[in-house]
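The structure appears right after this line, and notes come after that.
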Amino acid sequence: MSQWVNICNIDDILPATGVCALLGKAQVAIFRPRHDEQVFAISNIDPFFDASVLSRGLIAEHNGELWVASPLKKQRFRLRDGLCMEDESHSVAHFEARVKDGQVQLKA
């Protein structure tokens with residue numbers, strides 16, 4: 001049975017940025033694209049370089065979808081499911097995320 005795990009307060013993530021958190025042993029990049037309480041979570045590991053950097057990527061919108069561009073070579077990963085725009089075989093894990101009572105939560 002999975003459960004929701006409190007990660008941080010929503011106010012700890014500035015709008016239009018991401019942060020890195022640990023969920024068990026997984027590094028998770030959590031993004032807050034706007035000034036509301038919508039959050040997204042994908043793996044923090046850039047699969048092209050095996051580097052822990054995606055939480056530092058730039059958030060952008062393309063064709064009505066939100067993406068994060070890796071700070072290394074700018075490959076883009078869709079926030080809602082981790083799909084890599086440039087090479088689907090390098091997509092990253094997606095984690096269920098929500099905000100409840102001001103707390104960002106991830107599903108373990």
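For the reader, a short list of remarks on this structure follows.
- A count restricted to the stretch 32-43 and to residues that are in contact with a Leu (Cβ under 6 Å, 6 or more places away or on another chain) and assigned to a strand (DSSP E or B) stands at 2.
- Residue ID - most open to solvent (accessible area, probe 1.4 Å), chosen from residues in the stretch 15-26 that are out of contact with any Lys or Arg (no Cβ under 7 Å at 6 or more places or on another chain) and either β-branched (Val, Ile, Thr) or assigned to a loop (DSSP other than H, G, I, E, B) (or both): Lys25
- When residues in the stretch 56-86 are screened for being open to solvent by less than 50 Å² (accessible area, probe 1.4 Å) and more than 22 Å from Pro15 (Cβ to Cβ), 3 of them pass.
- Pairs, first at negative phi in the stretch 72-97, second modelled with pLDDT of 95 or more and of a type in the set (Ser, Thr, Tyr), C-beta under 6 Å, six or more apart: Leu83/Ser91; Cys84/Ser91; Val92/Ser43; Ala93/Ser43
- Conditions (1) over 10 Å from the mean Cα position of the chain (by Cα); (2) within 26 Å of Ser89 (Cβ to Cβ); (3) open to solvent by less than 20 Å² (accessible area, probe 1.4 Å); number of the one not met by Ile10: (2)
- For the stretch 87-103, a tally of residues being under 12 Å from the mean Cα position of the chain (by Cα) and surrounded by 15 or more Cβ atoms within 10 Å (Cβ to Cβ) returns 4.
- Reported count of residues in the stretch 56-108, each being outside any strand (DSSP E or B) and of a type outside the set (Lys, Arg), is 24.
- Among residues of the stretch 44-55 being hydrophobic (A, V, I, L, M, F, W, C) and assigned to a strand (DSSP E or B), the one that is surrounded by the fewest Cβ atoms within 10 Å (Cβ to Cβ) is Ala51.
The values are calculated or read from the model by the stated rules, or taken from the named source; none is laboratory data. Values in this document were obtained by computation on a predicted structure and should not be read as measured data. Using ideal geometry, Cβ is built from the backbone for each residue, glycine included, and neighbour counts are taken over all protein chains shown. Please note that ligands, DNA and RNA were not included when accessible areas were found on the heavy atoms of the full protein model with its side chains. Shrake-Rupley method; radii C 1.70, N 1.55, O 1.52, S 1.80 Å.
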